[in-house]
Amino acid sequence: MVDLQRAGGIAAVLQALAYVVGFAVLATLLNPGNTESWSSEQRLDFILERKLGFQIWMNFIYVVFGIALVILATALHERLKNHLPGLMQVATAFGLIWAGLVIASGMVSSVGLESVAALHAEDLEQAVSLWHAVNAIQLGLGGGVEIVGGLWVLLISVAALRSRKLSTTLSYLGVVVGVAGLLTIVPALGDLGMIFGLGQILWFIWIGFHLLCRPAADDSSKPTTRRGGAA
């Protein structure tokens, strides 16, 4: 149990690192500057010129993130399941679904770029069309709407608030982050995805250190249910 909690803590810190690296690379190595006058062909050329770096970046921020998410979701399930078993079953299911979507998103983008690069030398127009399709699928799986991730964070935070097994302030932060993720389903509120991402950096770091510093939670206690006014 203690080993799983510590593994979950390390996984959470790694997920925060994935966000930080993701934003940093996007702002530097993969930042083309002002592209308002660029054609679709120029945008694709920019990515293909940095293909290997782009693929490494995508695999880290999506595939590695998703693998770490499986570990963290399992650790949090073990920590909270005895207090709120039904809620945690639902929460963990969404956590694992999110992990699968994120991993698939990264793999689609990375593998899809290989097909685009191969087609680029033969038919530039078709290569651009294929890249648009790959990008749309990648965004649909895990790069655009954050409803699944937001729901997982929200449910975990509600469970933590009710069981008092994590910091109260941390749990309230998770509620805010989770709601921001859920609201990205509204097209006009898509920019909340940035708040979701930035908020998760803090949430992952905080929950990671909590699991690392307090790995031995008292999870042997019975669920707190009340019937007829008696505990």
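Bear in mind that the values in this text are calculations on the coordinates, not laboratory data. This structure is a prediction, so every number in the text was calculated from the model and none was measured. All Cβ positions, glycine included, derive from the backbone under ideal geometry; neighbour counts span all protein chains shown.
Of all segments of the chain bounded by trypsin sites (Lys or Arg not before Pro) found in a DSSP loop with no more than 16 other C-beta atoms within 10 Å, the longest spans 51-163.
Charge dipole of the chain (Cα centre as origin; +1 on each Lys and Arg Cβ, -1 on each Asp and Glu Cβ, all else neutral): 1580 debye, rounded to the nearest 20. The order of Ile47, Ile137, going from fewest to most other C-beta atoms within 10 Å of their C-beta, is Ile137, Ile47.
Take each peptide in 125-133, 171-179, 199-207, 150-158, count the other Cβ atoms within 10 Å of every residue, and average; sorted highest first, the result is 150-158, 199-207, 171-179, 125-133. Applying both filters, DSSP loop and at most 10 other Cβ atoms within 10 Å, to the GluC sites (Glu not before Pro) of segment 1-106 gives Glu36, Glu49.
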